[in-house]
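Encoded as structure tokens, the structure appears first; notes follow it.
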Amino acid sequence: MTQITIAGQSVDLTDEGYLTDASQWNKEVAVELAKTEGFELGDDHFKVLDFLRDAHAKGETLTIRKVGKSGIVDIKGLYKLFPGGPLKFSSKFAGIPKPTSCV
Amino acid sequence: MKDILILGAGTAGTMMANKLRNTLEYDEWRITIVDQYKTHYYQPGFLFIPFGIYNKQDVIKPKSNFIPPGVKLIYSEIDKIEGENNKVYLQEGRVLNYDFLIIATGTQTCPEETPGLKDKLWYKDIFDFYTIEGSIALQKHLKDWKGGKLVMCISELPYKCPVAPIEFVCLAEAYFAKKGMRDKVDITYVTPMPGAFTKPVATKMLSELLTEKNIKVIPDFYLEKIDNDNKKLISYDELEIDFDLLTIVPVNMGSEMIERSGMGDDLNFVPTNKHTLQSDQFENIFVIGDAANIPTSKAGSVAHFASEILFDNLMSAIEGRPLLAKFDGHANCYIETGYGKGALIDFNYDTEPLPGTFPLPGIGPFGLLKNTKINHYGKVIFRWIYWHILLKGKEMPIEADMTMAGKKRVTV
Ligand SMILES: Cc1cc2nc3c(=O)[nH]c(=O)nc-3n(C[C@H](O)[C@H](O)[C@H](O)COP(=O)(O)OP(=O)(O)OC[C@H]3O[C@@H](n4cnc5c(N)ncnc54)[C@H](O)[C@@H]3O)c2cc1C
């Protein structure tokens, strides 16, 4: 685990770069985290991040399929927004843990 | 007279019926179990059918052989559960009341979920081996297949028995080698996961094994649809993979009955407390086996370990005591790797599969994360254990809780 300062805020990250405490998240943190992976976040990205944060707060397990059924974006659209690992990247920028749907 | 009702007489439901009938008083508790089918399938055996190692008669027995006297067995499709009123509706309008309900309706394959899957190539060049029909059709097809690109694809997570597709490609490799046509077959393993398996240490061992066998792995591939005309798999991010023969694990979903009851998540799995196995929605409903959404493997061994915890908690619930038994997600899976060898993994919610020996520390006889002959015999013996010990709910010489004894803590 490492502690770094992003956008003036001190945040704790796992070795893979996920926030360990979702409450340390804000929009600026998301923007900066996304930059480190080469993403520039717009409104459509943030709609997905809000959905993920809500679902996470309710204790739901997240899957690409579930985001695809959310009405916010379909699965194809999700891949376009977060190419190369839609749930991996979106979860990281949303400040929630790495998805563990796979066992 | 009070009622315990069990939905589903597969691996988990049958085990629970036996455990409960052995303990509960006949004059106080009525136990009823419902299933739509009369035949019990030994599903782990489906893996061996395509290669002619097992045939249909090796994997089927009447369900009624395993339901003890004193348990009422009803054959009917279940329509829905009405949790608020403690009622279950069967297909022909029959209604069953319960004091406690156990959901054990498992998971099923849903090829309709993937566009182009159940289309003109279905059971011609595309097969599953998660159903008796699929594995038998594939056996016929392989007998005179001339070779080409064999692709094994996993459509969606989670799916039952996460190691079965790895076993399938290993057995296929050995099968073609034995037929003297290995050089004519190109084998590719396609998965939506980031590697051959999810947990790092096991992924490393299994990836090395696949590389050694010249089986290619394509990770992070999330299947959208199948192009029947050009024989291609197409992912959501528009990557394409060609195949001549496709073996697939279709999307796995819980029973539609769960959806009709309004009790499931987006894949019809029932939200369940991962430690107590109580449903999140109703205090007197418990969930066991593949039907639950708990974050561990969907496997018969998991259902077996969970059955001991569920039994304890159900006894507590009956007596109005708190549910103290906690399931740790324990899974124990033999992995057939071909040429009479096998590997073994043992893990739970918190501990990934690690190397070592099992069940006796330092002795074994089974080697964890090792490819050995004795592990293969473990798998062979499993079928006997399944019919004679597991289903009957008898004690096994393995603890429900996973143990670190015999395991080595290593990292990649
Ligand atoms: C190819 C393959 C290989 C496998 N290998 C292994 C292995 O090596 N080791 C291992 O531990 N596990 C293995 N498994 C997994 C194992 O078979 C399952 O995890 C186990 O059977 C789950 O038990 P269950 O009781 O939850 O579900 P099931 O045994 O599937 O039972 C569910 C029952 O519910 C009934 N049902 C469902 N819906 C309804 C309805 N609406 N109305 C009436 N009845 C209904 C069904 O008819 C069925 O009988 C394998 C599975 C497959 C497919």
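Residues of region B:209-229 whose accessible area (probe 1.4 Å, heavy atoms of protein chains only) drops by at least 40 Å² once all protein chains are present, relative to their chain alone: B:Y222. In this Cβ point-charge picture (+1 for Lys and Arg, -1 for Asp and Glu), the protein assembly as shown has a dipole of about 1880 debye about its Cα centre. Taking every DSSP bridge with both residues inside the protein assembly as shown, close to 55 percent are antiparallel.
Return the single residue from B:R182, B:R21, B:R94 with maximal mean-square fluctuation; model: Gaussian network over chain B, springs between Cα atoms under 10 Å. Between B:R182, B:R21, B:R94, it is B:R94 that shows the largest mean-square fluctuation.
If we count GluC sites (Glu not before Pro) as exposed when they sit in a DSSP loop and have at most 11 other beta carbons within 10 Å, what is the longest stretch of chain A that avoids them all? The longest such stretch corresponds to A:41-103. Diffusion coefficient of region B:139-206 by Stokes-Einstein, Kirkwood radius over Cα pairs, 10 °C, 1.306 mPa s: 120 µm²/s.
With only the Cα atoms considered, chain B has a convex hull volume of 138 Å³ per residue.
Computed with the Debye formula from one identical point scatterer per Cα of region B:319-406, without solvent, the log10 of I(q)/I(0) at q = 0.19, 0.20, 0.21, 0.24 Å⁻¹ comes to -0.93, -1.00, -1.08, -1.28. The simple spin-label model puts a point 7 Å past each Cα toward its Cβ; for A:A57 and B:K38 those points are separated by 5.5 nm. I'd like the distance separating the alpha-carbon centroids of region B:121-142 and region B:315-361, in whole Å. Spelled out, the Cα-based centre of one part sits 31 Å from the other.
Measure nothing but the geometry: give the 0 to 90° angle between the long axis through the Cα atoms of A:43-57 and the longest principal axis through the Cα atoms of chain A, rounded to 10°. Taking the Cα atoms of chain A, the angle to A:43-57 is about 80 degrees. The portion of the accessible surface of region B:331-390 made up by carbon and sulfur, rounded to a whole percent, is 67 (1.4 Å probe; DNA, RNA and ligands excluded).
Pairs with C-alpha atoms separated by more than 28 Å, drawn from the list A:K35/B:K216; A:K88/B:K216; A:K66/B:K213; B:K216/B:K379; A:K69/B:K379, are A:K35/B:K216; A:K66/B:K213; A:K69/B:K379.
In this simple spin-label model, placing a label point 7 Å from the Cα along the Cα-to-Cβ direction at both A:A22 and B:D27 gives a separation of 5.4 nm. Taking N as the residue count of the protein assembly as shown, its C-alpha radius of gyration divided by 2.2 N^0.38 Å amounts to 0.99.
Summing charges over neighbours of B:I215, with a neighbour being any other residue whose Cβ is under 10 Å away from its Cβ, gives -1 when K and R count +1 and D and E count -1. List residues of region B:34-54, by number, whose backbone nitrogen lies under 20 Å from a label position 7 Å along Cα→C-beta of B:D3. Taking a point 7 Å out along Cα→Cβ of B:D3, the residues of region B:34-54 whose backbone N falls under 20 Å are B:34-37.
Only helices enter this figure: runs of n ≥ 4 DSSP H residues, each worth -39500 (n - 2.57), summed and divided by the residues of the protein assembly as shown, yield -8000 deg cm²/dmol at 222 nm to the nearest 500.
In whole percent, and with a 1.4 Å probe on the protein chains, what portion of the accessible area of region B:1-106 is carbon and sulfur?
Details: 2000 of 4600 Å².
It is 43 percent, rounded to a whole number.
When region B:149-239 is described by a simple charge dipole with +1 on each Lys and Arg Cβ and -1 on each Asp and Glu Cβ, the residue from B:L233, B:P200, B:I187 located farthest towards its positive end is B:I187. For region B:111-251, a crude dipole built from +1 on the beta carbon of Lys and Arg and -1 on the beta carbon of Asp and Glu, taken about the Cα centre, is about 660 debye to the nearest 20. The orientation-averaged projected area of the convex hull spanned by the Cα atoms of chain A comes to 6.3 nm².
Assuming a ≥ b ≥ c are the square roots of the Cα gyration tensor eigenvalues, decide whether region B:105-224 counts as rounded (a/c under 1.5), prolate (otherwise, with a/b larger than b/c) or oblate. Verdict is oblate for region B:105-224.
The values are calculated or read from the model by the stated rules, or taken from the named source; none is laboratory data. Values in this document were obtained by computation on a predicted structure and should not be read as measured data. In this analysis, Cβ positions are derived from the backbone assuming ideal geometry, glycine residues included, and neighbour counts consider all displayed protein chains. SASA here: full protein model, heavy atoms, side chains in, ligands and nucleic acids out. Shrake-Rupley method; radii C 1.70, N 1.55, O 1.52, S 1.80 Å.
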